[in-house]
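Trainee: Sharing a structure below in structure tokens format, with a few things to ask.
Bear in mind that the values in this text are calculations on the coordinates, not laboratory data. Just so it is clear, the model here is predicted, and its values are computed rather than measured.
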């Protein structure tokens, strides 16, 4: 396996430790994106970026999908956080 999307239940540091060369897709829990506060959404993105962005083998996406009913404002916050904290 050279790319994985295990979902948000497995911490990205654990995935990276066990699969050091794998391309990791998605870690944002869909229901946090739908129901979470701006602070919760930003904290998930920051966590992922702190663990994974330096190796460049990570694509930040919602884990699985964007849940039905996700407010556009939450998606905008998510996009802002990825842009802001994903900078190398």
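Trainee: What value, in deg cm²/dmol to 500, does the helix sum -39500 (n - 2.57) over DSSP H runs of n ≥ 4 give at 222 nm once divided by the residues of the chain?
Mentor: Estimated from H runs of four or more residues: -14000 deg cm²/dmol.
Trainee: Cα-based Rg of the stretch 1-43 per 2.2 N^0.38 Å, rounded to two decimals?
Mentor: Normalised Rg, Cα atoms only: 1.29.
Trainee: Taking 0.36 nm per residue of separation and subtracting the Cα-Cα distance, what length does fully extending residue 50 through residue 66 add?
Mentor: My answer for the length gained is 3.5 nm.
Trainee: The stretch 48-88 to the stretch 22-39: how many Å between their Cα centroids?
Mentor: Cα centroid to Cα centroid, the span is 7 Å.
Trainee: Against the longest alpha carbon principal axis of the chain, how many degrees, from 0 to 90 and to the nearest 10, is the axis of helix 38-52 turned?
Mentor: Helix 38-52 sits roughly 10 degrees off the main axis of the chain.
Trainee: What are the extents of the Cα atoms of the chain along their three principal axes, listed from largest to smallest and rounded to whole Å?
Mentor: Each principal axis gives a Cα extent; for the chain these are 34, 25, 15 Å.
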